[in-house]
Amino acid sequence: MNRIRLPFYAFTAVFAFLPFFPGGVCAKSSADYTYVYENERILSFTIEMTEESFQKMQPKRKAPEMGNMSSRSMFAQEFEYVPATVICDGAVYQEVGVRYRGNASIVIIPPDGKKPLKLDFDRFDDDQVFHGFTKLNFINGFRDPSLLRDKLAYDLYRKAGVPAPHASFANVYLAVGSKPKEHLGFFVVIEQVNRPFLEDRFGNSNGLLVKFEIMKDLEYRGEEWEKYAADHELNSNDPADTKHLIQFLKFLTQSSDEEFAKKIDSKLNVDKFLAWLAINTLLTDLDSYAGLGHNWYLYYNADSKRFEFIPWDVNESFGNLQVATPDKMLNFDINKPYMGDKILIQRILNIEKYKELYLFYLKTFVRDFFNPAFMHKEIERLHSFIDASVKADANPVYSYEDFQKTLDENVKPHFFLFSQEIIGLKPFVTQRCESVLAQLSGEKKGDVIDSFMLGVPGEPPSSEREGNIAPPPMAPGGDVMIPMPTPAPMTEEKRQKIQKLKAELKEKNLQIQNNPNNSELYVQKGEILGKLTELVDPIEQMTYGIELGAVFEKAVELDPNSLGGHFGRGAVRFFTPEPFGGSLEGAASDFQFVLSKDPKNEQANFFMALVYQRKNEKDKAAEHLQKVIEINPNHQQAKELLKAIQP
């Protein structure tokens, strides 16, 4: 067995029970972390803007860029900064850039609900800062009734020595034009990963910072940055710096095992990466590189000449993004602490000394601070700190009762995609620690998670559940599902089908490139994408699923009379949850258009029956099902649904 080289954490473990500490090991920035993130009181911000600016900043939905899908483009939101006056503790900041932010955290919130915000103090004034910080993020806790997950998780990462943002809390007020000031709500405040952050953690900010929005895994795509731009957000003073990332990806994907083991620590801070992985595993956060593949940064440190891993957007920590049932999230396997294939984690853990170091971190972190004795006390402290502000929130996402309950009990989510129950914070810590310790001792095996639980069968909100009958196999979980079937296990036959369809897709894209105004080509592309979603892995399903909607939208735009375009768009609208662009009325309109041109269209009649079934208009649903059976007497699904409606 190789001898373990004691890393940075081994020398600080004895201080583990000290309070969570601000800052990093190279604190050279002028940012006042004590005032902004470790304040003994909750700050209040008042934002003043004109009516014109308020209307201008409203989110705009844009069409996703076909062929360049990322986690960000899935939600297709476009935000614009507007100037505003911001007041905090009597200090007035003029010409502050204000915009909305977020992906799912904004699209599922009602128009008058609490939307997440970003303040950019030097957007319109290069010299303006807020106590040394240039940007602040205000998070609405749309899937976290405790409002503590971000704060707890980021504190844990920093306690483990990982360069991670700080988090705190704030009340936000808004005054638009001559209207009275209103309470926008109580928010979680997150530090931006930018210049002040980098200078504090690494002592420099002149390196390459890249945010990853990938939906698959890391891959080398060639030497041109344009091939990476769609799902890698670049922050650099010199675009030539991108060569550092490209060469790192080439090394990661093409080096031999021997070369990788020898050189990886000279290219990546492996110690801190493994510390991140250990905390991420304890928190079962699969809305990260270990899961969906996004929500992280790499920073090429110009001084050390190697990359640093920085976590981001940790609101789904404590098993909150449930790509499996809650019990499996609690028993997440520590030996395969990632979903699907994650080349960076896999290659590092394949090296014995690094696997031992990762397990060492797990043992040490559980012993010293991720345990019920320490964490329950910290959870209760923070809960008490924000209790009065949560109770007074004029615009909450979750009720005060849910806020109280979520410490010790599970809470039903408002949005059931990727969630059965929001696991209580203290029960999560207790049960997760028990599972990890049992796995470390060999007494128990963890649950390997390799596929998505896309929804919760039979668990949509009650207002949508009444009168519903089971939809067809294409959407087995009801109307909370994304239209993606669970793929069958990979076989050689299946692999060949995927390769053939991808070749057809490539050829179809070339045809479209040569004839971009041909509506029928887009319909044909949609048919290929539909077949691919039945075969590929879940990450690619999400990518192809979003592109599917854009393709049929384009077909209808080019030819308003395209039956294939209307039918395809209608199916996508029907099966896609409304926050992701779905629309029951839009689907009905598309299917009705098809039937106006082709009354005996079997598929359109069947889908119209599903539309009416979902609207609980059983007579109309039955009428269309009877038409389907007249057209095709062997349509078994139509017969079963008709029997369910008219037993």
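For segment 317-405, the calculated P(r), taken from all Cα-Cα distances in 5 Å bins from zero up to the bin holding the longest distance, is 3, 10, 13, 16, 17, 14, 11, 8, 6, 2, 0 percent.
Just so you know, the Rg over Rh for segment 91-139 is 1.06, from Cα atoms, with Rh as the Kirkwood radius. Phi angles of segment 377-391 translate, via the Karplus equation with coefficients 6.51, -1.76, 1.60 and θ = phi - 60°, into HN-Hα couplings of 5, 5, 4, 5, 4, 5, 4, 5, 4, 9, 3, 5, 5, 5, 4 Hz per residue; Gly and Pro are given as x. Computed from Cα atoms alone, the Kirkwood hydrodynamic radius reported for segment 550-630 is 12.5 Å.
Note on segment 382-442: along the principal axes its Cα atoms extend 49, 29, 12 Å, ordered by decreasing extent.
Starting from 0.36 nm per residue, how many nanometres of slack lie between TYR173 and ASN634 once their C-alpha separation is accounted for? Before the final figure, lay out each step's value.
On the way: separation 461, 0.36 × 461 = 165.96 nm, distance 6.13 nm.
Extra length from TYR173 to ASN634 when fully extended: 159.8 nm.
Spacing of the modelled spin labels on ASN194 and ASP341, each 7 Å from Cα toward Cβ, amounts to 3.7 nm.
Here r is the Cβ-Cβ distance between GLN55 and ALA438 and R0 is 45 Å; the resulting FRET efficiency, rounded to 0.05, is 0.20.
Phi angles across segment 35-45 convert, under the Karplus curve 6.51 cos²θ - 1.76 cosθ + 1.60 with θ = phi - 60°, into 3J(HN,Hα) values of 5, 7, 10, 10, 5, 7, 10, 8, 6, 10, 10 Hz, Gly and Pro given as x. Computed with the Debye formula from one identical point scatterer per Cα of segment 292-450, without solvent, the log10 of I(q)/I(0) at q = 0.09, 0.12 Å⁻¹ comes to -0.38, -0.66.
How much of the accessible area of segment 353-435, probe 1.4 Å, is carbon plus sulfur, in whole percent? Present the calculation step by step, with values, prior to reporting the outcome.
Working: 1700 of 3350 Å².
About 51 percent, which is the carbon plus sulfur part of the accessible surface.
Please state, as a whole number in µm²/s, the translational diffusion coefficient that the Stokes-Einstein equation yields for segment 292-342 at 37 °C and 0.692 mPa s, with Rh defined as the Kirkwood radius across alpha carbon pairs. It comes out at roughly 249 µm²/s. For segment 187-330, the C-alpha radius of gyration divided by 2.2 N^0.38 Å, with N the number of residues, is 1.09.
In segment 290-332, the portion of solvent-accessible area held by carbon and sulfur atoms comes to 48 percent [1.4 Å probe, whole percent, DNA, RNA and ligands not counted].
Database remark: amide H of PHE332 closer than 5 angstrom to the amide H of ASP447 (H placed geometrically; neighbours at sequence offset of 5 or more, or on other chains; Pro and chain starts carry no H).
Considering only protein heavy atoms, what per residue accessible area in square angstrom results for segment 116-200 with a 1.4 angstrom probe?
On the way: 2100 Å² over 85 residues.
Solvent-accessible surface per residue comes out at 25 Å².
For segment 96-203, the carbon plus sulfur part of the accessible surface works out to 46%, probe radius 1.4 Å.
Given R0 = 51 Å, the distance between the Cβ atoms of LYS305 and GLU401 translates into a calculated FRET efficiency of 0.45. Taking Cα centre as origin and charging only the Cβ of basic (Lys, Arg, +1) and acidic (Asp, Glu, -1) residues, the dipole magnitude of segment 129-280 rounds to 540 debye.
Normalised by 2.2 N^0.38 Å, where N is the number of residues, the C-alpha radius of gyration of segment 225-267 stands at 1.33. Using only the alpha-carbon atoms of segment 153-227 as identical scatterers, what base-10 log of I(q)/I(0) does the Debye formula give at q = 0.13, 0.18, 0.21 Å⁻¹? Result of the Debye calculation: -0.70, -0.94, -1.03. For segment 269-374, the spherically averaged projection of the C-alpha convex hull amounts to 7.2 nm². Measuring nothing but alpha carbons in segment 251-300 and taking Rh as the Kirkwood radius, the Rg to Rh ratio lands at 1.02.
The values are calculated or read from the model by the stated rules, or taken from the named source; none is laboratory data. Computed from a prediction, not measured in an experiment: that's the story for all the values here. Counting neighbours? That spans all protein chains shown, and the Cβs are built from the backbone with ideal geometry, glycine included. Heads up: the accessible areas ignore ligands, DNA and RNA and are worked out on the full protein's heavy atoms, side chains in. Shrake-Rupley method; radii C 1.70, N 1.55, O 1.52, S 1.80 Å.
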